[in-house]
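Structure, as structure tokens:
The values are calculated or read from the model by the stated rules, or taken from the named source; none is laboratory data. Worth saying up front: this structure is predicted, and the values here are computed from it rather than measured. Note that each Cβ is placed from the backbone with ideal geometry, even for glycine, and that neighbours are counted across all protein chains shown.
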């Protein structure tokens, strides 16, 4: 029975390794040179381990079978053999050196962030990713777009359940892109298996990494470092496109950003703000304060029928602009633009029966942010 | 002195001749071995740091 | 090895009462910190711990005076105390490690030097400098100024070094059975310990009221207070231990060749002394 | 090479010595009933207390794990909220590490070390009882945090700042204080063990005559004394950051969240060896016994243990390969970590060579020990893969890591503890454990363990991060199997309890030397071992390890 198990185990492993790409049982080969190198290292060390394992377990199970007490085996009297011991110390060292050399080369390559064509700042936030294309004036938040009805089992789950976002990170292929990674609150970890990039985002510090994608496509990943309640719900989607397509996309985003910036100075109607505020609320606020503003006390206070919030507009705006230190409420000063903040403040003051009629203007928010 | 270092190095890779070990444990003073072990360990760590730095270029 | 005279106490109330007392103190401390009440509970815990320790040591002293301990037991105490001091050393090593890490890596990186110097993008106005008077975020107020090592800290260094010497003299005197000399030098050591504590208190007063060195004053204040604070606590404990030993000397405990209680407190005091020297160099001078 | 020696006890007069001891102590009129357990200074009673405590905690921690596995049974949130899920993963880890595995080994140490070295008791018996009673206090406090406003610790057993400081629930302060108490317990327990081993050996027993369980515990105790204070230091810094406004782990004030990880793992890596070295000792006792053959390389086992302990201080940042270490640091920690494979390999080769040309029988302790060798080695292989820093960028914080450390800790540490319990139960109770039930326990456990943890390798490689309450659909099959396996494993542990209870109450009587091939000193005292043994030190006549 034991030996059967013993043979089954490696057989399963080998079968698993071979079927890997088809079934998603193994590490993806990925779409960058580095991801391929890593896959190569992974498979090499794996087969080395399998070989050693077969040898060691082979001897072991042979002994267990052959030298059974019940079959009258008599124990031999031998112990300590210096040359054997030297051998089984030296051979593993050589194998390890053999592994360390290619691993070192790959690692050095991974650390070389010089001569990048594009710098992208990746900022982890509870619980979303923010992407800023440095020097391009393009920045946006990327939230999970899987509806909570699916998570709760109230709706059928889609193909990319939990691995879909409202705005993917768009990157050009064949160009070296440097990532600057940081966080606004706790440590997150940005991981896309197909790109073989996993890097922690440390609040207050910046980590560097880089990627050069060989094939266009949509690559999905997740936050890999426990970062609080919704750690499981901050996916990453990278949309790798041809270079000219990327340039068009970037130009569009710049244009849109300029439009939005102009929106700060004009007067907004209540309806307009409400319409703009609802998606912002759903994307940013609802994961803690819940869909109907009912909150989840004591950690996350209710916003609906919150007397203090309705009575004191300045206090309300201050909470959103500057956050509440020592709690999970972050400062949205740099995450949301003035239009978005004005809209979401307006929305929370008028949705769910609040009906204060306040239409908070982006210009007044912009002033507060400058302060 | 050399004998102590030899023993410590042998211990480092987990190999020691029986007779040599009997010899070592016959001497009642462990202090020499402890000092040598600490020194060898320090050198080992320094070598490792050096190798890492050279490899990092 | 001994000939079967190793003393194994039968049963004792002190272990379980001691652990309960420690639990009471910790719960009290937690309630105090989180809900700002429960100081009385904490006090009860502290008093109970002191009480249990007193009774426990009373038993040990009685057994020792009763001749129940042989030389093997003496060695057990020596190993125990030695390894306890090693554990204390590692406790301080954590704090020194934090200090070294911050000074060698974190602050230069935040200021734009070294392999992670790109982090300075987040702190454009920050200049790396130790002692850290202006932390990266302007809303964290750093110290206004730091202590000159050559004033009170130097005085304290001299006091502690002197106290180590006086303690050694007392120990030598005990070995020669010069009880009065031993008592006097030990009393001097206790006095020096008290002086150190008072001066450290003055320094803390100055830190908070004139130097702007507070717990909130960025990483400088944090490392300064955790290192000097825990050291100060150890000096207080050491002084209390020495005071107890002084009482025992006055009562005529200890023989010239059998006085591990005395020696253990010496080891402890020298350890506290050595930590201070490291502290003086790395916290004040460098 | 040693001359051929018939299996023979190193000392002849021990039985009478023990009997004398009992007579001596008749007049001590020790308290009866519960008071006997509360006030005891006897190493055997304290050992039993430790073992019972750890068994209870093993089940509590296990229930937490089953809550986690139940939620992960299928995609979506069905049973618990993510907030509670995080508390369960955290508590499962903390309880298993600090309240189940560590006290179990300390319990075995308490019971067996004095017996194996011929000592009348532990060196400092009252301190011993103090060390034990701190544990129920600490873990009552820790478990009570689950009922506090805002919930218990929810930041994983590694409690990385600032999630565990600025963003933590109020109960974190109590969590820190509870850990302080547990730390005091560990340090004092370890000091006691070191003093016992160094000072209480029977006359004639040299260091290189000590059984390997004693050796591995000596080194473990050294690790404990060296690193538990560092844990105390780092949680003190957390306490200060939370309650006193310091900025150790906050860049705004000049600190660094990564500093927390350096300090934590400087403790944490030796900590994982604290949980495995005594297991090596147990397995190194059991395999020669049931192979009826001397351990192949006693000395190289001792050296390898020491080498592993030494390396454990140099490898901590391999837990931090993706936090953005400088390149040279990354390489240093990769090289040093890979080196650990060498002494670990030496150990495995030694066990296998001991089996080679032995005379092997398969009693329950041996079954667990053999499973240990195979499954721990598999955990070692995945550990070697994790050591390759570039590859770790893909493995890190995935279920591959979860699979790795559970292979090392469940069929590693916990199987070794079970092996030790089956091995020494005859000595403790005077009865053999029920053979059939024990075999049943073994086969259920081994199926359960592999069913639970093997699919996790695949889930991790396929891209499932750890500590998530819900997962994408491609991970569903792996999780389904894992959850079924976990419940099977969990329920089969009830058989273990049954075997122990039956064994305490009765069963086939065991002689002093309960196992044919067993040679160490504990087998020279009667079974069950009388409350007081070796009050007159036995003279240790010869070494069966050395000359």
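Structure data summary
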quantity: Among the candidates C:34, C:61, residue that is within 9 Å of another protein chain (Cβ to nearest Cβ) and modelled with pLDDT of 90 or more; calculated: C:34
quantity: Conditions (1) more than 7 Å from every other protein chain (Cβ to nearest Cβ); (2) part of a helix (DSSP H, G or I); (3) surrounded by fewer than 24 Cβ atoms within 10 Å (Cβ to Cβ); number of the one not met by residue D:362; calculated: (2)
quantity: Segments classed as helices (runs of 4 or more DSSP H), wholly inside the range D:372-456, with at least 2 members that are free of Cβ contacts under 8 Å to residues at least 12 places away in the same chain and crowded, with 24+ Cβ neighbours inside 10 Å; calculated: D:389-395
quantity: Filter result (at pLDDT 95 or above and surrounded by fewer than 21 Cβ atoms within 10 Å (Cβ to Cβ)) within the range C:8-30; calculated: C:17, C:20, C:24
quantity: Conditions (1) farther than 20 Å from residue A:131 by Cα; (2) modelled with pLDDT of 85 or more; (3) in contact with a helix residue (DSSP H, G or I) (Cβ under 8 Å, 6 or more places away or on another chain): number failed by residue A:269; calculated: (3)
quantity: Flag if residue A:58 is facing another protein chain (nearest Cβ under 10 Å), at pLDDT 95 or above and either part of a helix (DSSP H, G or I) or in contact with a strand residue (DSSP E or B) (Cβ under 8 Å, 6 or more places away or on another chain) (or both); calculated: yes
quantity: The range A:293-305, subset part of a loop (DSSP other than H, G, I, E, B) and in contact with a helix residue (DSSP H, G or I) (Cβ under 9 Å, 6 or more places away or on another chain), residue surrounded by the most Cβ atoms within 10 Å (Cβ to Cβ); calculated: A:303
quantity: Residue satisfying all of: in the range A:70-96; out of contact with any helix residue (DSSP H, G or I) (no Cβ under 7 Å at 6 or more places or on another chain) and facing chain D (nearest Cβ under 7 Å); modelled with the highest pLDDT among these; calculated: A:70
quantity: Single condition residue D:129 does not satisfy, out of (1) more than 23 Å from residue A:231 (Cβ to Cβ); (2) surrounded by 24 or more Cβ atoms within 10 Å (Cβ to Cβ); (3) out of contact with any strand residue (DSSP E or B) (no Cβ under 9 Å at 6 or more places or on another chain); calculated: (3)
quantity: Test set (1) under 25 Å from residue C:68 (Cα atoms); (2) in contact (Cβ under 8 Å) with a residue 24 or more places away in the chain - residue D:153 fails condition number; calculated: (1)
quantity: Checking residue A:239 against (1) part of a helix (DSSP H, G or I); (2) surrounded by fewer than 18 Cβ atoms within 10 Å (Cβ to Cβ); (3) modelled with pLDDT of 85 or more, the condition it does not meet; calculated: (1)
quantity: Check on residue A:248, over 30 Å from residue D:148 (Cα atoms), more than 14 Å from chain D (Cβ to nearest Cβ) and under 29 Å from the mean Cα position of the chain (by Cα); calculated: yes
quantity: Criterion (at pLDDT 95 or above, out of contact with any strand residue (DSSP E or B) (no Cβ under 7 Å at 6 or more places or on another chain), under 27 Å from residue D:106 (Cα atoms) and part of a helix (DSSP H, G or I)) met by exactly one of D:85, D:53; calculated: D:53
quantity: Selection within the range D:202-216 - buried (at least 24 other Cβ atoms within 10 Å of the Cβ) and within 10 Å of chain C (Cβ to nearest Cβ); calculated: D:205
quantity: Helices (runs of 4 or more DSSP H) contained entirely in the range D:217-322, each with at least 3 residues that are away from chain A (no Cβ under 12 Å) and in contact with a strand residue (DSSP E or B) (Cβ under 7 Å, 6 or more places away or on another chain); calculated: none
quantity: Residue selected from the range C:211-227 under the condition assigned to a helix (DSSP H, G or I) and surrounded by 23 or more Cβ atoms within 10 Å (Cβ to Cβ), by the criterion farthest from the other protein chains (Cβ to nearest Cβ); calculated: C:224
quantity: Failed item, numbered, when residue D:12 is tested on (1) surrounded by fewer than 14 Cβ atoms within 10 Å (Cβ to Cβ); (2) modelled with pLDDT under 85; (3) assigned to a helix (DSSP H, G or I); calculated: (3)
quantity: Residue match in the range C:63-71 (condition: more than 19 Å from the chain's Cα centre (by Cα), crowded, with 20+ Cβ neighbours inside 10 Å and closer than 21 Å to residue D:243 by Cα); calculated: no
quantity: Sole residue being over 21 Å from residue D:222 (Cα atoms) and at the interface with chain D (Cβ under 10 Å from one of its Cβ atoms), chosen from C:56, C:79; calculated: C:56
quantity: Qualifying positions in the range D:471-489 - buried (at least 21 other Cβ atoms within 10 Å of the Cβ) and touching a helix residue (DSSP H, G or I) at 6+ places or on another chain (Cβ under 9 Å); calculated: D:471, D:475, D:478, D:479, D:482, D:483, D:485, D:486, D:489
quantity: Any hit, the range A:20-27, residues being more than 10 Å from chain D (Cβ to nearest Cβ) and either under 21 Å from residue D:455 (Cβ atoms) or modelled with pLDDT under 60 (or both); calculated: yes
